[in-house]
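Since the structure comes first, as structure tokens, the remarks are kept for the end.
The values are calculated or read from the model by the stated rules, or taken from the named source; none is laboratory data. Note that the structure is predicted; figures quoted are calculated from it, not measured. When we count neighbours, we look across all protein chains shown, and the Cβ atoms used for this are built from the backbone with ideal geometry, even at glycine.
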Amino acid sequence: MLFRNALIENAQAPVDIRVENGLFSAIAPNLAPENGEEVIDLGRKLVLPPFIESHVHLDTCLTAGDPVWNMSGTLFEGIECWSKRKDKLSREDIRERVQRCVRLYAANGIQFIRTHVDVTDPKLTAMQALIELREELKDKVEIQIVAFPQEGILSYPNGKKLMEDAVAMGADCVGAIPHFEFTREYSVESLNFALNLAAENDKLVDVHCDEIDDEASRGLETVAARALELGLFDKVTASHTTAMHSYNNAYVLRLMRLLKMSKINFVANPLVNTHLQGRVDTYPKRRGITRVKELTAEGINVSFGHDDIFDPWYPMGNGSLRDVVFMGLHVCQMMGYEEIMNSYRFITTNAARTLHLGERYGIVEGRPANFIVLDAENYYDALNRNSAVLRSVRAGKTIAESKPAETSVLF
Ligand code: 17E
Ligand code: FE2
């Protein structure tokens, strides 16, 4: 099959893309159709590798207000609301909500998802359901599962055992939540436990790290030090790290050296953390987002995630990562021309590094023929105009299509 006239990753000149047996077999200008080959003209539209959701909680999605709304808008009230909803979890409930989310994501060009799944549940109901869904949905979306201890490892009954069980069941990554543990000692111990568990079982790590406006929340240095010492390096990701917003600059200067040595990845969640953070401030109110601009300038890998779709922590969300990037650029003040033009990398190539997709990802001959087509010529325009994802192609097959919205101005 031949897809013609693609502007790949903001290129100015179009190329053609040949797909054979689900792989990119040729990418070059003016490829001649072979006898009987199906040809699709992409009409000089922007083509990108698929969008990647590098941080979401699929087990909690689509539960906002059930049974109670988060009225304060804090992370901590969100955890209380979720704890009440958790009592009602069933396999069917999770399957139905996750399948709805995956379709929302598919409509918006997302083909890879890293989901955190709460394992502070003696029955591990959500973990079991997600492991089934990961397999069932694998032709449509690649799901990576983090064993995420929402209510703590040391501060929740049997927390260590639940984490070990989740890894034995088949979780891909180990999580932790140091800022929620009862004490600083617990938080350090929980990180030592989580990174050792990952090292022993050859798993990735993704920690909910310092998601709090407390400048004394210093889980990140422990995560980075263990990543370095255990040789886990870029297998480790620190998500949220919103306390870094509030660290003093002298400490950040010292920390940056360790962060670079450790090679860990970062995930920021600009929509959700602008909503959740700064809640105990009067004025001025902190933005509560990690230092994306400074980390990026140091060559540290940062991706953006949605974090939630309509749940106790975020009452909105439609499965599109466009608003995530849009908010991220505003709140991190990354609105230079090149910063806007290249900002798709926060939800494509940077996220692929975080997820360790390696050669399974990218518009390169010999790799799986996964790509998306946007209704724009470059990402600056796509972002600004909120352009539709016209087509999402996976292993050479179109798995979702949109028609651009049509509006007539009658004057
Ligand atoms: N749980 C958590 O600890 N932090 C979050 N941002 C969400 C769930 C969404
Ligand atoms: Fe999260």
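Please determine, by comparing only the residues of region 257-274 that are of a type in the set (A, V, I, L, M, F, W, C) and more than 12 Å from ligand 1 (Cβ to nearest atom), which one is farthest from Ala243 (Cα to Cα).
Met261
In this structure, does Tyr156 turn out to be in a helix (DSSP H, G or I), surrounded by fewer than 24 Cβ atoms within 10 Å (Cβ to Cβ) and of a type in the set (Ser, Thr, Tyr)?
Numbers: in a helix (DSSP H, G or I): no; surrounded by fewer than 24 Cβ atoms within 10 Å (Cβ to Cβ): yes; of a type in the set (Ser, Thr, Tyr): yes.
No: the conditions fail for Tyr156.
Output the number of the condition that Thr348 fails; it satisfies all remaining conditions of (1) closer than 14 Å to His55 by Cα; (2) in contact with a helix residue (DSSP H, G or I) (Cβ under 6 Å, 6 or more places away or on another chain).
In the conditions (1) closer than 14 Å to His55 by Cα; (2) in contact with a helix residue (DSSP H, G or I) (Cβ under 6 Å, 6 or more places away or on another chain), Thr348 misses (2) alone.
Applying the selection to region 275-309, what residues are within 12 Å of ligand 1 (Cβ to nearest atom) and of a type in the set (D, E, K, R)?
Listed by number, the residues that qualify are Asp307, Asp308.
Tally up the residues in region 226-271 that are part of a helix (DSSP H, G or I) and either touching a Ser or Thr at 6+ places or on another chain (Cβ under 7 Å) or of a type in the set (Val, Ile, Thr) (or both), please.
The qualifying residues number 8.
Taking Gly305 as the residue in question, decide whether it is closer than 30 Å to Leu230 by Cα and either among the charged types (D, E, K, R) or within 16 Å of ligand 2 (Cβ to nearest atom) (or both).
Yes.
Does Ala26 qualify as being among the hydrophobic types (A, V, I, L, M, F, W, C), touching an Asp or Glu at 6+ places or on another chain (Cβ under 7 Å), surrounded by 20 or more Cβ atoms within 10 Å (Cβ to Cβ) and touching a residue at least 12 places away in the same chain (Cβ under 8 Å)?
Answer is no for this residue.
Tally the residues that are among the hydrophobic types (A, V, I, L, M, F, W, C), more than 16 Å from ligand 2 (Cβ to nearest atom) and touching a residue at least 40 places away in the same chain (Cβ under 8 Å), restricting the search to region 237-254.
Counting residues in region 237-254 that are among the hydrophobic types (A, V, I, L, M, F, W, C), more than 16 Å from ligand 2 (Cβ to nearest atom) and touching a residue at least 40 places away in the same chain (Cβ under 8 Å) gives 1.
Going by the structure shown, is Lys285 under 19 Å from the mean Cα position of the chain (by Cα) and among the basic types (Lys, Arg)?
no
What number of residues within region 370-387 are in contact with a Lys or Arg (Cβ under 8 Å, 6 or more places away or on another chain) and assigned to a loop (DSSP other than H, G, I, E, B)?
5
Taking the condition β-branched (Val, Ile, Thr), within 16 Å of ligand 2 (Cβ to nearest atom), buried (at least 17 other Cβ atoms within 10 Å of the Cβ) and part of a loop (DSSP other than H, G, I, E, B), does Ile289 pass?
For Ile289, the condition - β-branched (Val, Ile, Thr), within 16 Å of ligand 2 (Cβ to nearest atom), buried (at least 17 other Cβ atoms within 10 Å of the Cβ) and part of a loop (DSSP other than H, G, I, E, B) - is met.
Quick check on Glu142: is it more than 16 Å from ligand 2 (Cβ to nearest atom), closer than 30 Å to Phe371 by Cβ and free of Cβ contacts under 8 Å to residues at least 12 places away in the same chain?
It is false that Glu142 is more than 16 Å from ligand 2 (Cβ to nearest atom), closer than 30 Å to Phe371 by Cβ and free of Cβ contacts under 8 Å to residues at least 12 places away in the same chain.
Among the candidates Gly43, Gly36, Gly65, which residue alone is surrounded by fewer than 19 Cβ atoms within 10 Å (Cβ to Cβ), more than 16 Å from ligand 2 (Cβ to nearest atom) and in a strand (DSSP E or B)?
Every option except Gly43 fails the conditions.
Exactly one condition in (1) closer than 25 Å to Glu142 by Cβ; (2) away from ligand 2 (no atom under 16 Å from the Cβ) is false for Asn269; which is it?
Among (1) closer than 25 Å to Glu142 by Cβ; (2) away from ligand 2 (no atom under 16 Å from the Cβ), the lone unmet condition for Asn269 is (2).
Take the residues in region 190-221 that are β-branched (Val, Ile, Thr) and within 14 Å of Val146 (Cβ to Cβ); name whichever of them is nearest to ligand 2 (Cβ to nearest atom).
Val207
Hey, could you check region 159-174 for residues that are out of contact with any strand residue (DSSP E or B) (no Cβ under 6 Å at 6 or more places or on another chain) and not aliphatic (A, V, I, L, M) and say which is surrounded by the fewest Cβ atoms within 10 Å (Cβ to Cβ)?
It comes out as Lys161.
May I ask you to verify whether Glu77 is part of a helix (DSSP H, G or I) and either surrounded by 19 or more Cβ atoms within 10 Å (Cβ to Cβ) or within 16 Å of ligand 1 (Cβ to nearest atom) (or both)?
yes
Out of region 310-323, which residues are of a type in the set (Ser, Thr, Tyr) and within 15 Å of ligand 1 (Cβ to nearest atom)? Break it down stepwise before answering.
To start, the set of residues in region 310-323 that are of a type in the set (Ser, Thr, Tyr) comprises 314, 320.
Answer for region 310-323, where residues must be of a type in the set (Ser, Thr, Tyr) and within 15 Å of ligand 1 (Cβ to nearest atom): just Tyr314.
Residue check: is Ile52 under 30 Å from Leu390 (Cβ atoms), more than 16 Å from ligand 2 (Cβ to nearest atom) and surrounded by 13 or more Cβ atoms within 10 Å (Cβ to Cβ)?
no
What do you reckon, is Gly328 at pLDDT 95 or above, within 16 Å of ligand 1 (Cβ to nearest atom) and not in a helix (DSSP H, G or I)?
no
Need the failing condition index for Leu390 against (1) in a strand (DSSP E or B); (2) surrounded by fewer than 20 Cβ atoms within 10 Å (Cβ to Cβ), just the number.
For Leu390, the failing item is (2).
Under 8 Å between Cβ atoms, which residue pairs at least 6 apart in sequence (or on different chains) link something in region 293-309 that is in contact (Cβ under 8 Å) with a residue 24 or more places away in the chain with a partner that is more than 16 Å from ligand 1 (Cβ to nearest atom) and of a type in the set (Ser, Thr, Tyr)?
Asn301/Thr354; Val302/Thr296; Ser303/Thr354
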